[in-house]
Amino acid sequence: MRIKILMMWCALLMAQAANGANTPPAKVTKATAKSDSSQSSHSDPQQQVAKIDAVVAVVNDDVITRYELDDHVRAVVRQLQKQDTPLPAADVLERQILERMITDKLQEQYARENGVRVDDTQLNLAITRVAQQNNFPSLAEFRAKLEADGVDYKKFREEFRGEIISTRLREREVESKLIISEGEVDNYLANKARIGSAGEEFHLAHILVVVPEQASAEKIQVAHERAEKALSQLKGGADFAQVAAGISDAKDALKGGDLGWRPGEGIPPLFMNELQNMKPGQTSAVLRSPSGFHILKLVEKRSGNAPVVITQTHARHILIKTSEIMPEAEAKKRIMEIKQRIEAGADFAEQAKRYSQDGSAQHGGDLDWISPGQFVPEFEDAMNKLQPGQMAAVQTQFGWHLAQVLERRNTDVSEQQKRQQARVAIGTFKSDEQFQDWLRQLRDRAFVEYRLEEKK
């Protein structure tokens, strides 16, 4: 799922590239920003530098400059125009984008302080994967295309790195701590059966007005009034995407709030109950959830029954993780040495218990029966090419693996699939809620000072 999100994000950048991009100036530090903005107005060149480098927000010990904000605004405007989305008022859009930049800056700081990083090898692997999914045979050709369209490749890489870090923070701080009980799965399936959403898919857009954790009654009322204002604008004929871009606090706001197609199983009961009474094109009333106030738009609806007979693979693996102290070349060398020992007669399970750095090591590297889409594409693609008994070394974002296929089967997984889909749906909803809570807590602990008034 995360890989698909990165691919969608990359596609948006490619759309922006088609319309051109600006090359940024040298990096501006907090000190130089303050210094330049205080220069005498008698010198025109100095005035221009001050205007470009003025600080628009202080985020803990970092700053966001006027140039950085303007650069982001230009990119988002190009994106919205590409989608034929009416633009919100300039000051509203600017504030929305600044809020996103502050959130991104806080995540970047937290990652740096807690040792969450993406090295160049991991970054190259992720970009190569996206390039291939966009029909570019090599990273070099993908880079050439970006640069031909005027995109600064170094800047592109750092933005992509930031997206991966954000995903890892979410996995570390939220998803790794999620607990989904069997009772929750039972209740979810019972509710789905009651409202009759089996096999249906919904193309949705939404607007979210976040309510801070432990918010006062006054703050809750202010958030509710913002949501009601948005609904009033929609009832008055305003474009949904335009209102979302100007008001919504959701990460997809600047994409017009478009959530794409969602299976009925992946939609929270609160929303599903509302959607059952809506027709395509209609907008919901203001809905309240623990994270805030929501407005839904049902764009389209369709039948989407998934197959229940699938091919599963029973496989096992040995993983040597790459890190700063375990370079890619050394990890690959170790995997190949292990492969040679197994080919010479060593027991795979014993080698896995001794050397694998994965949780499956204690089980001899056994991954049990694997369904399509359960593992990252690189591992699954390599595994699918193997016949039972064969082994192959494969590189993924986690490091170097030695994968071996034991057997394959076609199986009816209707019941297991229903429960797994329910778990994914519950997990997605919980993850979204809890990640928003985590970001709010991160923001509450931060020092943020706005200086937008200094730009003019």
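Here the mean projected area of the convex hull built on the C-alpha positions of segment 219-263 is 3.8 nm². Each residue in I325, I165 was given a count of other beta-carbon atoms within 10 angstrom of its own, and listing them fewest first yields I325, I165. When M336, M383, M101 are arranged by Cβ crowding within 10 Å, least crowded first, meaning fewest neighbours, the order is M336, M101, M383. Straightening the chain between R157 and V286 buys 42.5 nm, computed as 0.36 nm per residue apart minus the Cα-Cα spacing. Computed across segment 378-423, the Kirkwood hydrodynamic radius from all distinct Cα-Cα pairs reaches 12.5 Å. With the alpha-carbon atoms of segment 235-340 aligned to their principal axes, the span from lowest to highest coordinate is 69, 39, 24 Å, starting with the largest.
Checking the table K219/K297; K339/K418; K229/K301; K279/K418; K219/K251 against a 30 Å threshold on Cα-Cα, which pairs fail?
Details: K219/K297 25 Å; K339/K418 38 Å; K229/K301 27 Å; K279/K418 26 Å; K219/K251 21 Å.
As for pairs spanning more than 30 Å Cα to Cα, those are K339/K418.
When the Cα convex hull of segment 278-352 is projected onto planes of every orientation, the mean area is 11.8 nm².
Cβ-to-Cβ counts within 10 Å put T85, T167 in ascending order as T167, T85, the fewest first.
Where Rh is the Kirkwood radius over the Cα pairs of segment 122-227, the temperature 25 °C and the viscosity 0.890 mPa s, what D in µm²/s does Stokes-Einstein return?
Roughly 129 µm²/s, to the nearest whole number.
When the C-alpha to C-alpha distance is required to be over 24 Å, the pairs from K154/K321; K155/K321; K82/K155; K145/K333 that qualify are K154/K321; K155/K321; K145/K333.
For segment 309-412, taking Cα atoms only, Rg and Dmax work out to 13.2, 44 Å respectively.
Using only alpha-carbon positions in segment 67-172, the gyration tensor eigenvalues give semi-axes of 25, 22, 11 Å once each is multiplied by 5 and square-rooted (largest first).
Read-outs: derived from the displayed coordinates by stated rules, not from any lab. Note that the structure is predicted; figures quoted are calculated from it, not measured. Quick reminder, even Gly has a Cβ in these numbers, built from the backbone with ideal geometry, and neighbours come from all protein chains shown.
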